[in-house]
1. So what J values fall out for region 324-340 if you push phi through Karplus, 6.51 cos²θ - 1.76 cosθ + 1.60 with θ = phi - 60°, rounded to Hz, Gly and Pro as x?
2. Computed FRET efficiency, Cβ-Cβ of residue 261 and residue 179, R0 35 Å: what is it to the nearest 0.05?
3. Working out 0.36 nm times the residue gap between residue 127 and residue 252, then minus their Cα-Cα distance, what length gain in nm do you get to one decimal?
4. Which distance in Å, rounded to a whole number, links the C-alpha centroids of region 286-310 and region 178-205?
5. Take region 247-360, compute every pairwise Cα distance, and split them into 10 Å bins from 0; I just need the percent in each bin.
6. Would you mind putting 145-157, 267-279 in packing order, based on average other-beta-carbon counts within 10 Å, highest first?
7. With θ set to phi - 60° and the Karplus curve 6.51 cos²θ - 1.76 cosθ + 1.60, what are the ³J(HN,Hα) couplings of region 123-129 in order, to the nearest whole Hz, using x for Gly and Pro?
8. When a/c reaches 1.5 or more, the comparison of a/b and b/c decides; with that in mind, is region 114-195 rounded, prolate or oblate per its Cα gyration tensor?
Amino acid sequence: MSDQPQAPARPEPVPVTVLTGFLGAGKTTLLNRLLRHPDLTDTAVLINEFGEIGLDHLLVERLDGDTVLLNAGCLCCTVRGDLVRALRDLAVRIEGGHTIRRVVLETTGLADPAPILQTLMSDPVVLFRFRLDGVVTLVDAATGMATLDSQPEAVKQAAMADRLVLTKADLATPEQMAALRDRLRSLNPGAPLLEARHGEIAPDALLECGLYDATRKIPDVRRWLDAEAYAVAQDHGHDHGHHHDPNRHDARIHSFCLSFDTPLPWDGIATWLEVLTMTRGENVLRIKGILNLEGEERPVAIHGVQHLFHPPVKLSAWPEGDDRRSRLVFILRDLDRATVEKGLRAFAESARQQAAITGGG
């Protein structure tokens with residue numbers, strides 16, 4: 001037996017759920033309901049409010065040592081340092097033996113999700129102890145259409161969500177509900193569209209919606225990266241384009257999925273992603289994908305927000321019966337699909353050609 005000391009195993013990262021939605025969407029009401037559920041035992045809550053005096057945290061019924069108020073400003077700008085400090089403090093508590101199984105971060109209704117996700121993906125201590133589980137966006141069913149028309153933050157919140165939750169459905173007419181559902185599906189066809197009645201919704205509908213926990217099975221791959229859903233949404237948009245108001249903020253934001261039947265060269269894909277985020281990062285709201293790479297039997301998950309990419313994660317296995325296509329979902333603003341697809345294919349082909357020259361040399 002070797003006397004060499006063994007390196008300590010990396011602890012299981014704590015999942016972080018980002019709960020967002022525009023002002024008045026019902027985030028605090030839903031959070032209160034969730035915190036009563038046994039699945040949310042040992043959950044730390046971070047609440048961000050805009051302004052010097054915070055009030056929402058007083059409405060969260062389960063206030064204890066694991067509730068932190070971040071009220072220095074909007075989470076997507078001045079308070080990002082406070083978020084890192086809060087998560088680092090939680091990491092210290094975990095190291096000391098305190099049990100924290102999940103973190104829920106409730107953002108101000110004015111928050112842009114992109115910088116928040118960048119913060120969660122960039123700090124080394126945060127990356128070691130925590131993992132982004134997903135973005136849950138609440139949309140008020142009664143006022144959602146008007147909010148999407150007038151508030152660009154609300155459009156980004158909906159476009160970047162892993163789960164979309166309609167609230168206050170009892171205050172909306174069937175016609176309002178149908179129109180809002182159509183608009184949200186067009187804006188974000190990959191996110192399941194759920195409904196909360198009086199803030200009630202099953203936690204398992206909202207939690208574990210990311211792909212970055214390699215120790216668990218990955219049942220969400222098909223829903224998260226459903227190329228067919230994006231194709232249908234695109235066709236729907238072409239068929240009914242005359243109904244679209246060009247003044248809406250979401251006219252500048254679109255999402256689509258690229259799929260590839262044959263394995264991709266990682267060198268080409270990685271180089272292309274780096275070039276894209278360096279040159280057009282401000283237009284890249286979110287990229288998420290599962291890749292079938294040349295020479296690799298297991299799927300690889302990637303996730304990027306604007307100028308920043310999470311380190312790739314090798315998953316345990318492909319879902320049973322999956323066709324093993326690479327699928328990349330893009331949520332972009334003011335950047336067309338043709339430019340992205342042309343660049344990706346060009347870099348992939350260049351990498352294959354280089355590999356063939358090197359291999360034959």
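Every read-out reported here was derived from the displayed coordinates using simple, explicitly stated rules and does not represent laboratory data. Computed from a prediction, not measured in an experiment: that's the story for all the values here. Positions of Cβ are generated from backbone atoms using ideal geometry, with glycine treated the same way; all protein chains shown enter the neighbour counts.
1. Values per residue, Gly and Pro as x: 6, 6, 6, 9, 10, 9, 10, 10, 10, 10, 6, 9, 7, 4, 4, 5, 5 Hz.
2. Here the calculated transfer efficiency is 0.45.
3. Extending this stretch completely gives an extra 41.8 nm.
4. Region 286-310 and region 178-205 have Cα centres separated by 26 Å.
5. All Cα pairs, binned at 10 Å, distribute as 13, 45, 31, 10, 1, 0 percent.
6. 145-157, 267-279
7. Calculated HN-Hα couplings, in order: 6, x, 5, 4, 5, 6, 9 Hz.
8. Cα axes put region 114-195 in the prolate bin.
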